[in-house]
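Worksheet for the structure shown next.
We did not get these values from a lab; they are worked out from the coordinates using the rules stated. If you're wondering where the values come from, they're calculated on a predicted model, not measured in any experiment. When we count neighbours, we look across all protein chains shown, and the Cβ atoms used for this are built from the backbone with ideal geometry, even at glycine.
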Amino acid sequence: MTAIPGSLDATSMRTHLCGRIGQAEAGNAVRVCGWVAKRREHGEHLAFVDVRDHTGIVQCVIPGTVDVRSEYVIAVEGVVRPRPEGTVNPDLPTGEVEIGDCTVEILGIAEPPPFVVDDRVEVDESIRLKNRFVDLRRPRMQENLRLRAKVNASLRASMDRQGFVEVETPLLWAPTPEGAREFVVPSRLHHGSFYVLPQSPQLAKQLLMVAGFDRYFQIARCMRDEDLRADRQFEFSQLDVEASFVSQEDVLAFVSEAVLSAAEVATGERPDPIPHITWAEAIDRYGTDKPDLRFGMELVDLSAVFDGTEVKAFAAPCVKAMVIEGGADLGRSKLDKLTDRAKALGAKGLAWFRVTEGGGEGSTPGLDSPLDRFLSESERAGLLSATTAAVGDLVLVVADEYRLACTVLGQLRVDIGGRPVSEGPFRYLWVVDFPMFDGVDGDANPIAAHHPFTMPHPDDLDRLESDPASVRSQAYDLVLNGWELGSGSVRIHRGDIQSRVFAVLGISEEEAESRFGFLLGAFRFGAPPHAGFAVGIDRLVAVFAGEESIREVIAFPKTQSGSDPMTGAPKPLAAGLLAEVGLRPAPAKD
Ligand code: ASP
């Protein structure tokens with residue numbers, strides 16, 4: 001047997017990996033290890049066994065019979081040779097060769113697998129998750145998890161190159177202010193007291209800044225007890241970053257470098273530098289704070305065109321429009337559906353205009369719409385010129401409060417033009433200057449749009465108390481193909497500004513002290529200006545892998561209902577165990 005000198009493939013049990021055997025190995029004695037993918041017998045004198053490992057499948061020819069079944073774990077030793085003419089399999093990377101004159105050693109027997117280990121076979125997800133150890137043998141899952149490892153490695157390497165230090169922060173922690181529901185862990189030593197699992201290392205990383213680690217990162221596990229969706233699990237991983245003596249621009253540059261390096265490793269191509277857009281511009285042009293830039297359909301403002309209009313439906317603070325190229329042939333029922341959707345999204349209605357050929361030759365296009373007869377000549381001309389809609393297009397119009405008009409059309413834009421997130425090309429975007437607050441809570445206090453440690457925009461600081469809704473923050477998001485990949489902000493490091501923000505949020509000094517006292521206390525001992533970010537790794541890898549659900553890039557995910565069919569978690573605990581941590585069993589909920 002000849003192992004390739006210095007090859008990582010060889011171990012004390014094998015010389016080669018199955019998928020790496022080709023013409024170059026012809027004539028060599030080799031030994032491979034793996035799972036039985038298929039077995040065929042040709043009478044008593046010849047058996048064929050396809051052996052699979054994570055690199056692929058190789059055909060082994062055994063003189064005589066062999067007592068192995070699907071998914072048995074075996075080692076096979078023989079000599080590589082070209083396949084006889086007419087038996088070459090062009091679909092298999094190893095299809096030109098086979099290992100001949102094999103002897104087989106059984107390393108582990110297997111019960112019949114719950115499903116065939118083959119990407120082409122559709123299997124119900126709950127069965128896949130119950131038997132995840134078999135599911136993960138499938139090439140697609142092998143590729144996804146190996147891609148994930150590569151992405152993690154390149155993120156780590158990039159942060160290391162940029163001078164960042166990886167620090168692990170605790171999983172048993174105190175509540176943090178991201179606003180999601182937290183998992184609680186009862187304390188055995190302090191009955192009646194609880195740890196929480198961190199929603200993110202937010203406060204820990206800020207403490208590390210006070211501690212002088214001026215460039216921190218971590219591939220951190222975060223836990224949030226929230227309803228699960230295709231893009232959300234209880235636990236997820238993020239590239240968590242924080243740096244001192246930096247501006248927003250520095251953070252954007254660090255994170256761009258890491259993400260673009262990972263993209264290059266994952267896709268083989270380094271994307272272009274990531275463009276920036278302000279939150280206000282994103283809402284204005286795309287009706288969302290996470291615009292998908294793979295397609296146009298930008299929103300157009302018609303407020304000036306319909307200023308002082310007689311058309312009742314357009315007598316609103318804002319009139320916004322969107323053009324659907326070639327959409328004039330949409331039938332009435334489709335248009336009614338769009339109108340229903342707009343109403344469900346909160347709009348009073350949706351107006352539509354089909355752009356048609358005008359009267360005579362060379363004349364301006366006409367409009368086909370129930371509203372057309374109410375339009376003045378200048379409104380008609382204004383609508384056409386502002387939207388630049390052409391014959392055959394459809395113009396959708398929402399007249400309402402500004403934000404609502406934008407977001408309703410923004411959602412219709414995605415409904416109509418959208419495609420799967422993972423479908424290329426990959427379009428990254430920085431959205432900056434988010435508002436400081438987003439809506440108000442039950443007590444009419446503004447709600448922090450990011451978290452309460454986010455620094456207001458310096459130009460807006462003097463309006464913090466008088467007009468909080470108009471205050472921008474130094475918070476920013478990274479968006480990929482309409483998906484929010486991550487967010488971050490410049491933090492407040494000055495006690496006076498932090499007190500003002502808490503006051504606006506309706507957080508009393510006592511409450512701030514009891515919830516975040518340890519952070520505020522640390523800040524009194526010399527806090528550097530600092531800023532940070534977190535990139536969702538599950539989402540990033542899912543996009544690179546072409547998967548719609550992050551469950552496909554997580555080794556052992558939970559189902560949509562938050563359970564793990566393999567381990568049976570979550571499970572009731574024995575009363576004795578509960579007593580040990582100071583809890584009494586409650587009656588089970590249905
Ligand atoms: N902690 C924030 C999050 O997890 C990110 C950040 O502000 O750094 O979303």
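What the table shows:
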item: Aspartates and glutamates with Cα under 17 Å of Lys334, excluding same-chain neighbours fewer than 8 positions away; result: Glu325, Asp368, Asp393, Asp415
item: Contour excess over end-to-end distance, with Cα ends at Ser7 and Ala280 and 0.36 nm allotted per residue; result: 92.8 nm
item: Distance violations [Cα-Cα > 18 Å] among Lys130/Lys150; Lys320/Lys343; Lys312/Lys348; result: Lys130/Lys150
item: Rel. contact order, % - alpha carbon contacts under 8 angstrom, at least six apart, the chain; result: 13 percent
item: Full-extension gain in nm, Thr103 to Leu583, via 0.36 nm per residue minus C-alpha separation; result: 166.9 nm
item: Packing-based order for 245-258, 478-491, 157-170, using average beta carbon neighbours within 10 Å, highest first; result: 478-491, 245-258, 157-170
item: FRET efficiency estimate (nearest 0.05) - Cβ-Cβ, Glu357 to Phe234, R0 56 angstrom; result: 0.50
item: Extension gain, Glu269 back to Asp225 (0.36 nm per residue minus Cα-Cα distance, nm); result: 12.2 nm
item: Rg/Rg_globular for segment 343-408, with Rg_globular taken as 2.2 N^0.38 Å and Rg from C-alpha atoms; result: 1.21
item: Value of [θ]222 nm, deg cm²/dmol, for the chain, DSSP H segments ≥ 4, -39500 (n - 2.57) each, nearest 500; result: -8000 deg cm²/dmol
